[in-house]
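Visitor: Got a structure for you, questions after.
The values are calculated or read from the model by the stated rules, or taken from the named source; none is laboratory data. Note that this is a predicted model, so its numbers are computed, not measured. All Cβ positions, even for glycine, are placed from backbone atoms using ideal geometry, and neighbour counts span all protein chains on display. Just the protein is used for accessible areas: all its heavy atoms, side chains included, with ligands, DNA and RNA removed. Shrake-Rupley method; radii C 1.70, N 1.55, O 1.52, S 1.80 Å.
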Amino acid sequence: MPQLSRPTGRVHRSFMAAMAEFRDEGRGEPADRTVIGDELREFGERWGTAEGFAEYVRWLRAQSLEESPRPAGHVPSTTLWWIRDDEYLGRVAIRHRLTEVLLEVGGHISYDVRSSARRRGHATAMLGAALPVARGLGITSALVMCDVTNVASRKVIEANGGVFEDQRGGKLRLWVPTC
């Protein structure tokens with residue numbers, strides 16, 4: 001049964017295969033402003049070696065700490081991977097607080113499931129498992145967003161109690177209780 005896990009080196013091979021699937025979808029291109037896109041551009045060249053991957057895992061874990069260096073405008077974020085045995089299936093990122101930008105684009109929680117694992121309930125289960133973590137961070141209601149055209153993602157958010165607030169640009173904004 002899949003479960004949330006802190007980033008770990010034990011899924012290196014599977015993680016690399018998942019990132020190849022994301023690249024095949026066009027993720028990591030300059031126009032891709034998602035977490036996966038940013039990390040493919042910044043770290044993708046280093047993931048191939050055990051040392052480079054271990055460095056990435058350390059960096060990712062450190063992003064949850066308030067004192068860790070990060071670009072201006074970025075907030076602490078807890079990233080958890082959705083793993084079954086040694087298979088990387090996806091990831092969820094929980095931003096510890098909102099900025100004005102994250103209130104408009106991004107929200108508290110974002111998630112991705114690799115293409116070969118989609119349509120099996122992983123996104124719904126992963127988001128559901130992440131909500132108590134968000135609650136532990138002091139988030140009582142999490143803002144989760146999706147593209148207007150992403151019906152599957154909207155259903156994932158609504159299945160976890162998400163309540164539609166509004167649409168801004170091409171994004172739907174839903175609030176999900178964490179308790």
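Visitor: May I ask you to verify whether Leu89 is in a loop (DSSP other than H, G, I, E, B) and touching a His at 6+ places or on another chain (Cβ under 7 Å)?
Guide: Details: in a loop (DSSP other than H, G, I, E, B): no; touching a His at 6+ places or on another chain (Cβ under 7 Å): yes.
No: the conditions fail for Leu89.
Visitor: Does region 119-127 include one or more residues that are aliphatic (A, V, I, L, M), part of a loop (DSSP other than H, G, I, E, B) and in contact with a strand residue (DSSP E or B) (Cβ under 9 Å, 6 or more places away or on another chain)? I'd like the intermediate steps shown before the answer.
Guide: Residues of region 119-127 that are aliphatic (A, V, I, L, M), as a first pass: 123, 125-127.
So of that shortlist, the ones also part of a loop (DSSP other than H, G, I, E, B) come out as none.
Checked region 119-127: no residue is aliphatic (A, V, I, L, M), part of a loop (DSSP other than H, G, I, E, B) and in contact with a strand residue (DSSP E or B) (Cβ under 9 Å, 6 or more places away or on another chain).
Visitor: On to the next question. Filter region 142-179 down to the residues that are in contact (Cβ under 8 Å) with a residue 12 or more places away in the chain, β-branched (Val, Ile, Thr) and more than 16 Å from Gly128 (Cα to Cα) and list them by number.
Guide: Scanning region 142-179 gives Val148, Thr149.
Visitor: Filter region 111-167 for residues that are more than 17 Å from Thr78 (Cα to Cα) and among the acidic types (Asp, Glu); which is surrounded by the most Cβ atoms within 10 Å (Cβ to Cβ)?
Guide: Glu158
Visitor: Testing Ser64 on (1) modelled with pLDDT under 95; (2) part of a loop (DSSP other than H, G, I, E, B); (3) open to solvent by 30 Å² or more (accessible area, probe 1.4 Å), one condition comes back false. Which one is that?
Guide: The single condition Ser64 does not satisfy is (1).
Visitor: Quick one: which residue in Gly106, Gly138 is in a loop (DSSP other than H, G, I, E, B), within 13 Å of the chain's Cα centre (by Cα), on the phi > 0 side of the Ramachandran plot and small (Gly, Ala, Ser)? Talk me through it step by step, then tell me what you get.
Guide: Numbers: Gly138 fails: within 13 Å of the chain's Cα centre (by Cα).
The match here is Gly106.
Visitor: Does Ala123 count as small (Gly, Ala, Ser) and touching a helix residue (DSSP H, G or I) at 6+ places or on another chain (Cβ under 9 Å)?
Guide: Numbers: small (Gly, Ala, Ser): yes; touching a helix residue (DSSP H, G or I) at 6+ places or on another chain (Cβ under 9 Å): yes.
The answer is yes for Ala123.
Visitor: Can you tell me which of Arg84, Arg58, Arg97 is open to solvent by 50 Å² or more (accessible area, probe 1.4 Å) and either at pLDDT below 95 or under 16 Å from Val133 (Cβ atoms) (or both)?
Guide: Details: Arg84 fails: either at pLDDT below 95 or under 16 Å from Val133 (Cβ atoms) (or both); Arg58 fails: either at pLDDT below 95 or under 16 Å from Val133 (Cβ atoms) (or both).
Answer to the selection: Arg97.
Visitor: Check off (1) assigned to a helix (DSSP H, G or I); (2) open to solvent by less than 40 Å² (accessible area, probe 1.4 Å) for Asp32 and give me the number that stays unchecked.
Guide: (1)
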